[in-house]
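> Handing you a structure now.
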Amino acid sequence: GNHFLELAAFQANGQRDLSFGTNGLALVKKGCAPSRKCDFMLAAMKVSPEGEIVIAYRVRDWNGSPSEWEKTRVLRFLPTGEPDPTFNGGNELVVPNMAKQNEAQIGFRDQKIVLAGSNRMQGGADDITVAEISRDGSLSSFNHSGTFSFKLAKEAVAKSLAIQADGKILVSGLTSTN
């Protein structure tokens, strides 16, 4: 069967917040057709300064082509647990050049989402990709295309992301020379 993502909300006293989503749960199924066999893998989740919940995840569609298996998707929820209709029409954004690793890092600057993750490039090495997503759920004009990829060494996995006060993006990662 399919594996989906569920978000749960709890009040400060530890009780489930039943006003969040449906009975305290928000189900993420976006990225998989109902007739397909899919696995969802959460890569990151963070609450924006505006109180919205941003998740980055991957979907492995076992019936689809391998190139579609693990593309990173971003979805934004309202504080109520409903998909934000002002973010890509309430749908996920598939981030180009970011796939393969089940990890991503989320940050915010100028009301935009900044995402760092990894991508398997031609030749088999993993590069780090940084993407910036506008409030409306589209890629921003960051680096002209909304994304930027770079190498650390042979393989790289983005492990942390920070935004400095002047807007500069810092990314660190694990790397291998083997």
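> Can you tell me how much longer the chain between ARG36 and LEU174 gets when fully stretched, taken as 0.36 nm per residue apart minus their C-alpha distance, in nm with one decimal?
Gain on stretching ARG36 to LEU174: 46.3 nm.
> Out of residues 5 or more away from ASP17 or on other chains, whose amide H comes under 5 Å of its own, with H placed 1.01 Å from N in the peptide plane?
HN-HN under 5 Å from ASP17: ALA9, PHE10, GLN11.
> Additional query: Less than 12 Å Cβ to Cβ from ILE55, Lys/Arg counted +1 and Asp/Glu -1: what total charge do the surrounding residues give?
+1
> From largest accessible area down, sort CYS38, CYS32; use a 1.4 Å probe on the protein chains.
Largest accessible area first, the list is CYS32, CYS38.
> Dipole of the chain (Lys/Arg Cβ +1, Asp/Glu Cβ -1, origin at the Cα centre): which of PRO49, GLY167, VAL94 lies farthest to the positive side?
Comparing the listed Cα positions along the dipole, VAL94 ranks first.
> Next question, about the same structure. What's the magnitude of the charge dipole for the chain around its Cα centre, counting Lys and Arg as +1 and Asp and Glu as -1 at the beta-carbon? Answer in Debye, nearest 20.
In debye, rounded to 20, the chain gives about 340.
> Rounded to the nearest whole Å², what accessible area per residue is found for the chain with the 1.4 Å probe?
Computed with neighbouring chains in place, this is 52 Å² per residue.
> How do VAL157, VAL94, VAL28 rank by accessible surface area computed with a 1.4 Å probe, from largest to smallest?
Sorted by accessible area, descending: VAL94, VAL157, VAL28.
> Pairs of Cα atoms under 8 Å, at least six residues apart: use those to get the relative contact order of the chain, whole percent.
About 14 percent, as a whole number.
> Next question, about the same structure. Within the chain, what is the number of lysine pairs with alpha carbons under 23 Å apart, leaving out pairs fewer than eight places apart on the same chain?
Going through the chain pair by pair, I get 28.
> Would you work out what percent of the accessible area of the chain, with all protein chains in place, is carbon or sulfur (probe 1.4 Å)?
51
The values are calculated or read from the model by the stated rules, or taken from the named source; none is laboratory data. Treat the numbers as computed from the prediction; the structure is a model and nothing was measured. Reconstructed Cβ throughout: ideal geometry from the backbone, glycine too, with neighbour counts over all protein chains shown. Surface areas here come from the heavy atoms of the whole protein model, side chains and all, with no ligands, DNA or RNA. Shrake-Rupley method; radii C 1.70, N 1.55, O 1.52, S 1.80 Å.
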